[in-house]
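Please treat every number below as a calculation from the coordinates, not as lab data. Not measured: the values here are computed from a predicted model. Because the Cβ atoms are built from the backbone with ideal geometry, glycine has one as well, and the counts that use them run over all protein chains shown.
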Amino acid sequence: MGRSVKARAWLAGTIAAGLISGQARAADLAEVQSRGELRWGGDLQGGEPYVFEDERDPGTLKGFEVEIADALARELQVRAKFVQTDWSNLVPALERGDFDIILNGLEDTAERRERIRVSAPYFTYGETLTIRRESSYVGLATLRGKPVGTLNQTVAYDLLRRAAVEPVLYEGQQEPYLDLAKGRTEAVLLDHVIADRYGCVLQELRCLPDDVARGHYVVGIGKQADALTRAIDGALARLAESGELRGILTRWQLWDARQTGPAPTSRPPAAHVTERRLTAGHLLLFLQGAWITLLISAFAFALASPLGLVLATVRLYAGRSGRWLAAAYVEVFRGTPLLLQLYVLYFGLADVIRLSPFTAAVLGLALNYGAYEAEVYRAALSAVPVGQTEAARALGFSFWQSLRHVVFPQALRTALPAVTNDFVGLLKDSSLISVITVVELTKRMTILAVELRDWITPGLLCAGLYFALSFPLARLARRIERRLEPAPPPAPETPA
Amino acid sequence: MKESLVRLSGVGKRFGARPVLHGIDAQVTSGSVVSLVGASGSGKTTLLRCMNGLEAIDTGHIDVAGHRIEARISDAELTRLRADVGMVFQDYQLFPHLSVLDNLCLGQQVVRKRSRPEAERRACKLLERVGLAERRSARPSELSGGQRQRVALARALAQDVKLLLLDEPTSALDPRTRDEIVDILHDLVRRSEPALTLILVTHDLHLAEKLADEVWTLEAGRLVTATGTSP
């Protein structure tokens, strides 16, 4: 159930996968056996208890799914080999043939069944609703219109949308609970495996006893791999019969009444009923995403630009300690990833200052880009000849008056093309803010791509909207550059 | 007897370990024109820049138009002093982002606190006087060298200074343009009311002869002749 935050890798991967999905070629049994290796895909970021690295012995994998994979491979008389893949990329990667099976908390849904083959279940999960200890919610129905956290591409997300609550999407499984504890959401709906480990254990939270729904984890197998599907099903049946599966689940404290109880009364919720074609409603959502992207970028840059100018001014003209501080700021914010800064600002500092996602996004981008703008302005200020300051001072300007009326206006003109360029950069970097739950353009695209099971159309639409936002700016930057080109040589000497 | 507008007393200046001015004593009477001559590196421009505090002095002091420049002088005091002392740079240093008119108005508005219409009136009058009334909207980059020099001159004068310092005002100009500038300066000195005092650094003997009441000669940082002065 892990989610990587590598949004760009995801985007590249999904589009690439989409391009070749027509010729999916996941291996079948014969190939697996001749290779002597059952390659299984999962995401280490999902963490305990699924599949994770042994902290005492890095490089060694642990988790109940590792043990199931080993047992399945043994039944097939091959070795198991783990292939690390971003969780949201597992299905396209299977289709591409990166590995033979998916074994990583893959929920059985009608939508997935249309795309790949799934095995018999190896685990029954319950959708668990977690709320703050003092809250009085008793079920999804009481949360109508309220923000409820979950992960994208999950059954929980489909349930939330049907329940008419406001779903808030996270990238990792700990963040939804942290935000719930801070009061940014009203509840979290996720598998009990996640809720038990990350949610119910927090002092501020409690989990409602009744499952909102139940479903199964299944092994995902390539669409054409009939023999492999039969072999996996057979192996799972033998593991269940021999009690080995129960043993594994018990060791990981996952064996509970759900595993032996009656099958879910209803099938796991079928995928949220969505129109599989791009509709006007989708386009509207895209435009909303573009608007959010533009709004956040504009606000962020409106802060970053003056911040950069102040930093550059301090760095060039202040006393030694001021210069040192400004230099330190620039190096720290330039030298660490924006993603990390967003996490720290939104989750890390939540005890000190509780920022809304929008504010945190604007601030995070502004603080980061302020460092870059500082360098642009520093170069531009340094490029104004010393003689200009002297001329102003000789006229009787104070130091600040000479900066304000003579140096700044000239430096700003020099900096303008680079500054415009940076705004285009910020516009695209703003896609990172989806990690703090803001649904901007790229996030909207990833959500819709999953719904439509089509990566190309939403991808192109998303690219087109970014282009529509940035191209006019790029043109503007070029026009400004042309205007600021060195002046023509002075006219010949003529008596006036 | 005319009062002295500038009085230099034991003025010394060094760049690092290298002394460039050695205890200079001199004075300039109000309304006179002093030409500062000497070989390259003799310290002429440094001495000129000391007189409005663009270079700090190390020893002695300079009294200028009621202000005193010493080795330790506050930035605020220098700013007040500079309001009374104009300077025209060798390379003009017009503000390239402003029109000719704005070059003349900015200082008046910021330093002299004049209203925009008042500053414009004064600027237009001066532009007419230097023959550039037609080019008021031009950018400095659109002007010839001689025109730039005239704008620089007008910009300094717009501040109603008592003392005008000029660094090589004709060095970058062809002979014809140079003569025009000399004529303008000559006219300025004759017609200014109240009297304008000029100190100019120059290699141009024609300029020195035509304008100067006194010629100071600097040699290796020492004032060797100061005709017509009584230090």
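For this structure, a couple of remarks:
- Antiparallel DSSP beta bridges within chain A, percent to nearest 5: 55 percent
- Relative exposure of B:50, A:207, judged by other C-beta atoms within 10 Å (fewest first): A:207, B:50
- Residue B:17-residue B:56 FRET efficiency (beta carbon distance; Förster radius 22 Å; 0.05 resolution): 0.85
- At q = 0.12, 0.17 Å⁻¹ the log10 of I(q)/I(0) for region A:166-218 amounts to -0.26, -0.51, computed by Debye summation with a single uniform scatterer per C-alpha, solvent ignored.
- Using R0 = 35 Å, the C-beta based FRET efficiency linking residue B:187 and residue B:39 works out to 0.70.
- Here is the list for region A:80-172: trypsin sites (Lys or Arg not before Pro) lying in DSSP coil, each with at most 14 other C-beta atoms within 10 angstrom of its C-beta, are A:133, A:144.
- Net charge, residue B:109 excluded, C-beta distance under 15 Å - Lys, Arg +1, Asp, Glu -1: +4
- Here is the P(r) of chain B: all C-alpha pair distances, binned every 5 Å from 0, give 1, 7, 15, 19, 20, 17, 12, 7, 3, 0 in whole percents.
- Membrane-span-like helices in chain A (whole DSSP H runs, Cα extent of at least 18 Å along the helix axis, mean Kyte-Doolittle hydropathy of at least -0.5): A:7-20, A:226-242, A:280-317, A:320-335, A:357-383, A:408-429, A:456-483.
- Extended-chain gain in nm, criterion 0.36 nm per residue less alpha-carbon gap, residue A:30 and residue A:246: 74.9 nm
- Residues A:136, A:398, B:42, A:119 arranged by fewest to most Cβ contacts within 10 Å: A:136, A:398, B:42, A:119
- Each semi-axis of the equivalent ellipsoid for region A:279-330 is √(5λ) with λ an eigenvalue of the Cα gyration tensor; in descending order they amount to 40, 8, 4 Å.
- In region A:29-151, Cα pairs under 8 Å separated by at least six residues give a relative contact order of 26 percent.
- Across the alpha-carbon set of region B:97-231, the Rg to Rh ratio works out to 1.00, Rh being the Kirkwood radius.
- Tilt relative to chain B, helix B:175-191 - C-alpha long axis, 0 to 90 degrees, to 10: 80 degrees
- Computed over the protein assembly as shown, Cα set: Rg, Dmax in Å: 38.9, 124
- Taking amide H as placed 1.01 Å from N in the peptide plane, the amide H of residue A:356 sits under 5 Å from none that are at least 5 places away or on another chain.
- Label positions at residue A:287 and residue B:171, each projected 7 Å from the Cα along the C-beta direction, are separated by 6.5 nm.
- Sorted largest first, the principal axis extents computed over the alpha-carbon atoms of region A:311-369 equal 36, 20, 16 Å.
- Stretch in chain B that is longest and holds no trypsin sites (Lys or Arg not before Pro) that DSSP places in a loop and that have at most 13 other beta carbons within 10 Å: B:114-231
- In chain B, lysine pairs closer than 26 Å at Cα, eight or more apart or cross-chain: 12
- Restricting the calculation to Cα atoms, every distinct pair contributes to the Kirkwood radius of region B:100-147, found to be 10.9 Å.
- Chymotrypsin sites (Phe, Trp or Tyr not before Pro) within region A:317-404: DSSP coil, no more than 10 neighbouring Cβ in 10 Å: none
- Antiparallel bridges, percent of DSSP beta bridges restricted to region A:71-218 (to nearest 5): 65 percent
- Label positions at residue A:223 and residue A:56, each projected 7 Å from the Cα along the C-beta direction, are separated by 4.6 nm.
- Stretch gain in nm, segment residue A:400-residue A:356, where the contour uses 0.36 nm per residue and the Cα spacing is subtracted: 12.1 nm
- Scanning residues 5 or more positions from residue A:213 or on other chains, those with amide H under 5 Å from its amide H are A:127, with H placed 1.01 Å from N in the peptide plane.
- Gyration tensor over alpha-carbon atoms, region B:144-204, equivalent ellipsoid semi-axes in Å: 19, 12, 11
- For residue A:475 and residue A:110, the FRET efficiency from 1/(1 + (r/R0)^6), where r spans their Cβ atoms and R0 equals 51 Å, is about 0.60.
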